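The values are calculated or read from the model by the stated rules, or taken from the named source; none is laboratory data. The shown structure was predicted, so the numbers you read here are calculated from the model rather than taken from an experiment. Glycine also receives a Cβ, built like all others from the backbone with ideal geometry; neighbour counts cover every protein chain displayed.
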Amino acid sequence: MSAVPLRRGEPEVHGPETKGRPTYRERRRNLRLVRERRRLPRRRRRTVAALAIGLGAFTLFAVLAVHVRLAQTAFELQEEQQAVERKQGRNERLEVAAAELEAPGRIRREATGRLGMVLPRVVHFVYAREVQEAAVEHPGEPDPTQQGVQPTPRP
């Protein structure tokens, strides 16, 4: 056990009979009992310090690895976004080209110009008359109402 001054910064009290030196009682009054801290053995302190340093290094490495992976993922995401933008632009160009190819005026020009087709002078329409459905008693036999029905033009 050790003794330390009770309060730091206070002036020491000196009696007249001691000629500037405090008496035993005065010295004892200014002291208090302090228990010594038990220190870990040197080997254990080194082990704890090594573990703390190792844990800190591992944590630093883990944080660094997470940041590297995050940067790689951000780079991959940027590449994918650029690929999507390129494909959207190509899709828009293809849609415009398809619309141009489907235009009736272009089809007529190609048919008459390059393929040598001509427009007909007269257009004939043929209409089919409506046929009523009849119940068939024998599924293997043909329907007599359907035989010989030919489309005829309507006036």
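Those residues that are surrounded by 10 or more Cβ atoms within 10 Å (Cβ to Cβ), more than 55 Å from the chain's Cα centre (by Cα) and among the hydrophobic types (A, V, I, L, M, F, W, C), I need them from segment 106-127; list them, please.
Within segment 106-127, 117 is the sole residue that qualifies.
Tell me which residues, restricted to segment 85-117, are part of a helix (DSSP H, G or I) and small (Gly, Ala, Ser).
The answer is 89, 97, 98, 99, 105, 111, 113.
Every residue in segment 43-53 that is surrounded by 10 or more Cβ atoms within 10 Å (Cβ to Cβ) and at pLDDT below 95, please.
44, 45, 46, 47, 48, 49
Go through segment 8-29 and give me each residue that's part of a loop (DSSP other than H, G, I, E, B), exposed (fewer than 10 other Cβ atoms within 10 Å of the Cβ) and at pLDDT 55 or above.
Once the filter is applied, which keeps residues that are part of a loop (DSSP other than H, G, I, E, B), exposed (fewer than 10 other Cβ atoms within 10 Å of the Cβ) and at pLDDT 55 or above, segment 8-29 yields 19, 20.
Only one residue in 103, 134 is surrounded by 10 or more Cβ atoms within 10 Å (Cβ to Cβ), at pLDDT below 90 and of a type in the set (A, V, I, L, M, F, W, C), so which one is that?
Criteria check complete, one pass: 134.
Residue by residue, here is whether (1) surrounded by 10 or more Cβ atoms within 10 Å (Cβ to Cβ); (2) at pLDDT below 95 holds:
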residue	(1), (2)
31	yes, yes
37	no, yes
55	yes, no
92	yes, no
